[in-house]
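The values are calculated or read from the model by the stated rules, or taken from the named source; none is laboratory data. These figures come from a predicted structure and were not determined experimentally. All Cβ positions, even for glycine, are placed from backbone atoms using ideal geometry, and neighbour counts span all protein chains on display. The accessibility values were calculated without ligands, DNA or RNA, using every heavy atom of the protein model including side chains. Shrake-Rupley method; radii C 1.70, N 1.55, O 1.52, S 1.80 Å.
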Amino acid sequence: PLTRIRDITHGAKVPKDLKYDLKHNLQNKLHRSAGPEDLITCKRIMDRITAPGAQGYPHDFVEQMKIFYRELKEFFNATGLDDLLVEIKKKGEPAKDVWVCVDKFLETKHGQKPCFDQMAAL
């Protein structure tokens, strides 16, 4: 993902403020000290460029950012378990009474509570 964000940042024809955000708040931060907080920054940028009515962002740029966001989540191992649980649920496995626990886990993991509350709940 680090090479991809560098390529995106240097090649993107996007507004100056977005390019600055990408370069300084995401790319440079990732190179200095990558951390899960970078997922929050990336999500914020993704929300901006994919928001209903967002216009003027090149299609290739948006697609590359989607790929980068997915790679970043994989890099921080933030999707593997979620994807597996959702896939198992889609198949109807395990029994329905377990789905409540799966839904509660995913809701707690992705909720907006402070991280210590989330960790205690999980």
**Request:** Evaluate E = 1/(1 + (r/R0)^6) for H110 and L2, where r is the Cβ-Cβ distance and R0 equals 25 Å; express this FRET efficiency to the nearest 0.05.
**Result:** 0.50
**Request:** Take each of the peptides 98-106, 38-46, average the number of other beta-carbon atoms within 10 Å over its residues, and list them starting from the highest.
**Result:** 38-46, 98-106
**Hydrodynamic radius by Kirkwood, which averages 1/r over all alpha carbon pairs of segment 1-51, in angstrom** = 11.0 Å
**Message:** Explain nothing, just compute: Karplus ³J(HN,Hα) = 6.51 cos²θ - 1.76 cosθ + 1.60, θ = phi - 60°, for every residue of segment 9-20 in order, whole Hz, x for Gly and Pro.
**Reply:** 4, 6, x, 6, 9, 10, x, 4, 5, 6, 4, 4
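Ratio of alpha-carbon Rg to the 2.2 N^0.38 Å globular estimate for the chain, to two decimals, please.
Its radius of gyration relative to the 2.2 N^0.38 Å reference: 1.24.
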**Asked** Where a Cα-Cα gap under 16 Å defines reach, which aspartates and glutamates qualify for K96, not counting those fewer than 8 residues away within the same chain?
**Response** E87
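Per residue, how much accessible area does segment 1-94 have with a 1.4 Å probe, in Å²?
Details: 5860 Å² over 94 residues.
Per-residue value: 62 Å².
With respect to the cross-link table entries K43/K109; K16/K73; K43/K73, which display a Cα-Cα separation exceeding 19 Å? Spell out each step's value before the answer.
Details: K43/K109 15 Å; K16/K73 26 Å; K43/K73 10 Å.
From K43/K109; K16/K73; K43/K73, over 19 Å: K16/K73.
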**Inter-site label distance for N28 and K96 at 7 Å from Cα along Cβ, in nm** = 5.5 nm
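How high is the FRET efficiency from D17 to T79, r the C-beta distance, R0 35 Å, rounded to 0.05?
Numbers: r = 29 Å, r/R0 = 0.82.
So, using R0 = 35 Å, E works out to roughly 0.75.
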**Asked** Ignoring any ligand, DNA or RNA, what whole percent of the accessible area of the chain comes from carbon and sulfur when the probe is 1.4 angstrom?
**Response** 57 percent
